[in-house]
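Here the structure comes first, spelled out in structure tokens, and everything after it is commentary.
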Amino acid sequence: MATKSPRVQVTVDPELEEAMAAVDAHPKSRSRLIRDLALRGAEAALEERQRREKAKEFFRKVASGEIDIDLTGAREAHEEREAEVE
């Protein structure tokens, strides 16, 4: 189908093939599946970037003294969490 939008060529390497099969082993349209995966991936990447920026902003505020943090309590909480994981 003709389109005014630019197109890209994507090589379906083993990793992409595995990702596609995990979502839909027999899609009606491989192109549509790849597009959907790209959009989901972009959304996930944006969310991850926003989480990192929020975390950096928190630590900037801690470093500047705007947010007071109990480092001893934080260390104890971390040690408790690590003990639960083991």
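Values in this text are rule-based calculations from the coordinates and carry no lab data. These numbers come from a predicted model, not from an experiment. Methodologically, a virtual Cβ is constructed for each residue, glycine included, from the backbone with ideal geometry; neighbour enumeration extends over all protein chains shown.
Looking at (1) over 24 Å from Ala21 (Cβ atoms); (2) touching a residue at least 12 places away in the same chain (Cβ under 8 Å), which is the only condition Arg60 fails?
For Arg60, the exception is condition (2).
For a quick check of your reading of the model, give me the residue pairs whose first member lies in the range 39-52 and is free of Cβ contacts under 8 Å to residues at least 40 places away in the same chain and among the aliphatic types (A, V, I, L, M), whose second is part of a helix (DSSP H, G or I) and exposed (fewer than 10 other Cβ atoms within 10 Å of the Cβ), with beta-carbon atoms closer than 6 Å and at least 6 apart or on different chains.
As it stands, the answer is none, since no pair meets every condition given.
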